[in-house]
Every structure is written in C-alpha cells, then in structure tokens.
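K.L.:
Here's a structure for you.
Nothing in this text is a laboratory measurement; each read-out follows from the coordinates by a stated rule. Every value quoted in this text rests on a predicted model; they were computed, and no experiment measured them. Cβ: placed from backbone, ideal geometry, glycine included. Neighbour counts: every protein chain shown.
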Amino acid sequence: MEAALGSFELMEDQLRKWGSRLSVLTKRAAHGDAAAEKSVLNRIKSLNHRRSRAKARLSLLKSTAYDAPNWQQLRIEAEESYIELAEAMRNMRG
C-alpha cells in the first residue's frame with residue numbers, strides 16, 4: 001500500500017502541473033486569431049475535463065479502503081484516466 005500512496009502523490013503532483021500548463025495555454029490562445037483560438041480553447045476544455053475526471057477518480061480511490069472489494073477496479077479506472085490524459089497532454093503543442 002505504501003508504494004501506491006507514493007504513486008498517488010506523484011499523480012496528484014502531475015495533475016497540478018498539467019493544470020498550470022493548461023492555464024498558460026489558455027492565456028496564449030487568447031492572443032491568436034479567432035479561428036485558431038476557438039480550436040485551441042476547445043482542445044484545452046477537453047483536456048481540463050479529462051484532468052477533472054482523473055483527479056476525481058484518484059480522489060475516490062484515495063478515500064476508499066484498500067481492502068474494499070472495488071478498490072482494484074477503482075485503481076484501474078484512475079490509472080486509465082491518468083494515462084489517457086498523459087497521452088492527450090503529450091499531443092497538445094504550444
């Protein structure tokens with residue numbers, strides 16, 4: 001369980017960093033042309049939604065007892081959300 005707790009903290013830290021990165025990208029998008037701005041802001045909105053979902057799943061996982069019958073399923077869902085967001089963040093340029 002200790003290793004999992006450390007992993008959760010690393011994931012939370014990365015989620016915070018991604019939140020900051022998305023804020024910077026939002027500010028940059030506001031200075032572009034209207035069409036590009038709308039496209040980028042839509043992508044950022046999608047990334048923020050994925051980030052919120054990953055954060056919520058991680059929070060639920062942390063608040064669930066390790067020996068709960070559904071803990072492993074919650075862990076899988078939290079990790080999948082995190083991995084999907086990581087992939088989408090890698091694909092976001094700017």
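K.L.:
For mean projected area of the Cα convex hull in nm², the listed values are [x] 6.7; [y] 5.9; [z] 6.3; which was obtained by calculation from the structure presented?
P.N.:
Correct label, based on the coordinates given: [y].
K.L.:
Got the relative contact order for the stretch 47-94 handy, in percent, Cα pairs under 8 Å and 6 or more residues apart?
P.N.:
In percent, rounded to a whole number, it is 49.
K.L.:
Can you give the calculated 222 nm mean residue ellipticity of the chain, where each DSSP H run of n ≥ 4 adds -39,500 (n - 2.57) and the sum is split over every residue, rounded to the nearest 500 deg cm²/dmol?
P.N.:
-30000 deg cm²/dmol
K.L.:
Further question on the same structure: Dipole size in debye (nearest 20) for the chain around its Cα centre, Lys and Arg Cβ +1, Asp and Glu Cβ -1?
P.N.:
The dipole magnitude comes to about 580 debye.
K.L.:
For A56 and R90, calculate 0.36 nm times their separation in residues minus their Cα-Cα distance, and state this gained length in nm to one decimal.
P.N.:
The span from A56 to R90 would gain 10.1 nm if fully extended.
K.L.:
Projecting each Cα onto the charge dipole of the stretch 2-91 (Lys/Arg +1, Asp/Glu -1 at the beta carbon, about the Cα centre), which of Q73, A54, L25 comes out farthest on the positive side?
P.N.:
Working it through, the farthest residue towards the positive pole turns out to be L25.
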